[in-house]
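Here's the structure, in structure tokens; my notes come after.
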Amino acid sequence: MSSFHKMETAIWKETPSPDNPFQADECFCYGYNVAEDLLTNASWIDYLFLLISGRRPNKDESNLLEKLCILLANPGVRDLSVRAAMNAGVAKAPSASTLIAALSVGSGQIYGARELVLVMELWKRNFDLDKLDLTFTKADEKGIWPELNHIPGFDPHASNTSKQVKDCLNKICEFSTGLYLPWLKNSRKELEKMAKRPLSLISVIAAGFCDLRLSIQQSEFIFLMSRLPGAAAHAMEQEKLGWRKFPFFADTVSLESDAEKKRLPNIESLIEGYINEPK
């Protein structure tokens, strides 16, 4: 006779099928019947908010999260996480490996999830510009992350705020009923003067998550997941285009002489042999 261990969770409840203990007859998420309540009445954004936060979003929260997810959906080909996915795609890696590559690179403290965490901590610390401390020079206590060489939430390479950042900040403020996005919009120039650097888009996203009253951990998970569609799209496109149309290393290989050329294998045959090699 087999026995089942009970799992303790406040998130999910299942009613087992009477003739198959491995199949659920009904599923409930925080008390909402998935088939009858959520599938009928909820949007994907509503369900995502419910799953991560444990509470049903109001209309304003649902609208704001939807706009944030649009901002996050495709970080673009300049983003390091998307470039990682494109590298995996052009090498014909499995889909799961491609997304793992994007998640891994997108977790860092340069335009990644770690930077989001630091910016949210910064915004939640103090609204008072006179007391706001933009000093981030120490490594984290656990020793996982290296010492920062830029102020989180500000572009370390630019001298002026990009049109994209200003446009997105102005537009998304229209969907906020909180304090953080309007504060960021009104304080942008003062903050940039303090940091001596222009605001980056991740500051806008961090303020949006703060207005949703989500915890930093909840926001980090949504941030990581929401960036995967763009990574997947660019990876699939790059796989079809092939490595010849991808900024790769082939055009950096040069041969000094005919003698060297005879001794070295052709770089194109090496790459194609690797890509077409049976997995």
Test result for K171, among the basic types (K, R) and over 17 Å from L132 (Cα atoms): yes
Among the candidates L51, L39, L68, residue that is part of a helix (DSSP H, G or I) and either more than 27 Å from S219 (Cα to Cα) or touching a strand residue (DSSP E or B) at 6+ places or on another chain (Cβ under 7 Å) (or both): L51
Residues of segment 78-90 that turn out to be within 13 Å of M236 (Cβ to Cβ) and surrounded by fewer than 19 Cβ atoms within 10 Å (Cβ to Cβ), as a count: 0
Of residues in segment 179-206 being in a loop (DSSP other than H, G, I, E, B) and touching a residue at least 40 places away in the same chain (Cβ under 8 Å), the one surrounded by the most Cβ atoms within 10 Å (Cβ to Cβ): S200
Residue selected from segment 100-115 under the condition touching a Ser or Thr at 6+ places or on another chain (Cβ under 6 Å) and over 19 Å from F209 (Cα atoms), by the criterion surrounded by the most Cβ atoms within 10 Å (Cβ to Cβ): A102
Boolean, P75 is of a type outside the set (D, E, K, R), in contact with a Lys or Arg (Cβ under 9 Å, 6 or more places away or on another chain) and surrounded by 13 or more Cβ atoms within 10 Å (Cβ to Cβ): yes
Matching option when the condition is modelled with pLDDT of 80 or more and part of a loop (DSSP other than H, G, I, E, B), among K92, K124: K92
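The values are calculated or read from the model by the stated rules, or taken from the named source; none is laboratory data. Values in this document were obtained by computation on a predicted structure and should not be read as measured data. Virtual Cβ from ideal backbone geometry, glycine too; neighbours counted across all protein chains shown.
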